[in-house]
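Peer 1: Have a look at this one.
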Amino acid sequence: MNVLFASTGEKPEFWVPLLQKLLPAERFFAWPDNNSGDIDVAIVATHPRGALAGLPRLKLIQSLWMGVDNIVADPDLPRGVPVARLIDPGMVAAMGETVIAHVLDWHRHFWCYRGFQAQKLWKRRRQYLASDRGVGILGLGELGGGIALKVRAMGFNVAGWSRRPKQLPGVFCSTDLDEVLSRSDAVACLLPLTPHTRGILNKDRLQRIRKDGCLINVARGGHVVIPDLLALLDSGHLAHAYLDAFEPEPLPADSPLWAHPGLTITPHIAALTEPRTSAGKLAENIECIRRGEMPPNTVDFAAGY
Ligand code: NAP
């Protein structure tokens, strides 16, 4: 089979030799080296515009990322070709660590003590138990589901929101977003970006988070209405927000967000694709196509993720 690596977000000079070792029978090409139409599988992460058009033999579009919003939004996406998400155990582990780090940073007031240190201020804030706090997890999928259980195991009260009803031991699971938010002091967004979830964290939703709480957005920039978030930070309703994803990216150097005291900003690193744990998963999916089978975790276009 012919496999095209078409990505601006991940480097072909790194990935192609790695995949070639695992799949010696396949022929690999790096965009724009082969666009002659005989490609069977395209591996993408923010693919160049038009890279997926005019490939009549294409049987699979394999994402190198867990989020597929930019693939689904491509107007040139060939119809009827399945898109497979990457479910990377290393990425799942990394996301758990990031969310737990932010929950603890807020819970233990470290974000506040960093400000005190800058002022040479020796001042203590009230201590809370984990059981005093509610943590809301928006999205209980590959990432959010496991994170909800890990945060619960630390003693926090955890509420989770998903589209379809779910059951997770010890976690209050609901399809009612307002109920989940009103039980939460800290809210972590682990939703896919779809027409239903774009702008979902607006003023109305954010003010349902309990006072002095925090928002952790490790999903996509389009989930949060930034002026609404800033208004809730400035009014003192929310104590802090951790933002990892933005629209546009990179966050422009002149953005006022960089200097806002209520924000911790990271450059979309909450969880990176980990070659050591993901290359085998990519190879398995390509082998599925060779056998004429459908790989797992393909996108449901009606749901948008
Ligand atoms: P997933 O397995 O598809 O899970 C998505 C979850 O969101 C599911 O529980 C789903 O509900 C829920 N959901 C989707 N639409 C909804 C709606 N309209 N209302 C309520 N719930 C809804 O996705 P995942 O692998 O966990 O990844 C989630 C997102 O994380 C990705 O799409 C990506 O954008 C982001 N991400 C970010 C980074 C980073 O470094 N910042 C890294 C990796 C991923 P159901 O369970 O009912 O389907």
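The values are calculated or read from the model by the stated rules, or taken from the named source; none is laboratory data. Treat the numbers as computed from the prediction; the structure is a model and nothing was measured. Counting neighbours? That spans all protein chains shown, and the Cβs are built from the backbone with ideal geometry, glycine included.
Peer 1: Residue check: is Ala84 at pLDDT 95 or above, of a type outside the set (Phe, Trp, Tyr), within 16 Å of the ligand (Cβ to nearest atom) and in contact with a strand residue (DSSP E or B) (Cβ under 9 Å, 6 or more places away or on another chain)?
Peer 2: Numbers: at pLDDT 95 or above: yes; of a type outside the set (Phe, Trp, Tyr): yes; within 16 Å of the ligand (Cβ to nearest atom): yes; in contact with a strand residue (DSSP E or B) (Cβ under 9 Å, 6 or more places away or on another chain): yes.
It is true that Ala84 is at pLDDT 95 or above, of a type outside the set (Phe, Trp, Tyr), within 16 Å of the ligand (Cβ to nearest atom) and in contact with a strand residue (DSSP E or B) (Cβ under 9 Å, 6 or more places away or on another chain).
Peer 1: Now a separate question. For the stretch 21-129, list the helices (runs of 4 or more DSSP H) that sit wholly inside it and hold at least 2 residues that are farther than 30 Å from Asn2 by Cβ; which are they? Spell out the reasoning first.
Peer 2: Details: elements: 69-72, 89-107, 110-118.
Here the list reads 89-107, 110-118.
Peer 1: Restricting attention to the stretch 251-282, which residues are of a type in the set (A, V, I, L, M) and touching a helix residue (DSSP H, G or I) at 6+ places or on another chain (Cβ under 9 Å)?
Peer 2: Taking the stretch 251-282 as the starting set, the residues that turn out to be of a type in the set (A, V, I, L, M) are 251, 253, 257, 259, 263, 265, 269-272, 279, 282.
Result: Leu251, Leu257, Leu263, Ile265, Ile269, Ala270, Ala271, Leu272, Ala279, Leu282.
Peer 1: Of everything in the stretch 160-184 that's free of Cβ contacts under 8 Å to residues at least 40 places away in the same chain and away from the ligand (no atom under 13 Å from the Cβ), which residue is surrounded by the most Cβ atoms within 10 Å (Cβ to Cβ)? Lay out the reasoning, then the answer.
Peer 2: Taking the stretch 160-184 as the starting set, the residues that turn out to be free of Cβ contacts under 8 Å to residues at least 40 places away in the same chain are 160-162, 164-179, 182.
From the residues that got through so far, the ones that are away from the ligand (no atom under 13 Å from the Cβ) too are 169-170, 172, 182.
Values: Pro169: 7, Gly170: 10, Phe172: 17, Ser182: 14.
Taking the candidates together, the pick is Phe172.
Peer 1: Looking for whichever is touching a residue at least 40 places away in the same chain (Cβ under 8 Å), aromatic (Phe, Trp, Tyr) and within 16 Å of the ligand (Cβ to nearest atom) here; the options are Trp111, Trp65, Trp106. Which one fits?
Peer 2: Numbers: Trp111 fails: within 16 Å of the ligand (Cβ to nearest atom); Trp106 fails: within 16 Å of the ligand (Cβ to nearest atom).
It is Trp65.
Peer 1: Can you tell me which residue in the stretch 185-207 is farthest from Ser131 (Cα to Cα), limited to those that are away from the ligand (no atom under 15 Å from the Cβ) and assigned to a loop (DSSP other than H, G, I, E, B)?
Peer 2: Taking the stretch 185-207 first, the residues away from the ligand (no atom under 15 Å from the Cβ) are 185-186, 203-204, 206-207.
Then keep just the ones that are assigned to a loop (DSSP other than H, G, I, E, B); that gives 185, 207.
Values: Asp185: 12, Gln207: 22 Å.
The residue in question is Gln207.
Peer 1: So which of Ala283, Ala270, Ala245 ends up being away from the ligand (no atom under 15 Å from the Cβ) and either assigned to a helix (DSSP H, G or I) or touching a residue at least 12 places away in the same chain (Cβ under 8 Å) (or both)? Step through it out loud before you land on a result.
Peer 2: On the way: Ala270 fails: away from the ligand (no atom under 15 Å from the Cβ); Ala245 fails: away from the ligand (no atom under 15 Å from the Cβ).
Of Ala283, Ala270, Ala245, the one residue that is away from the ligand (no atom under 15 Å from the Cβ) and either assigned to a helix (DSSP H, G or I) or touching a residue at least 12 places away in the same chain (Cβ under 8 Å) (or both) is Ala283.
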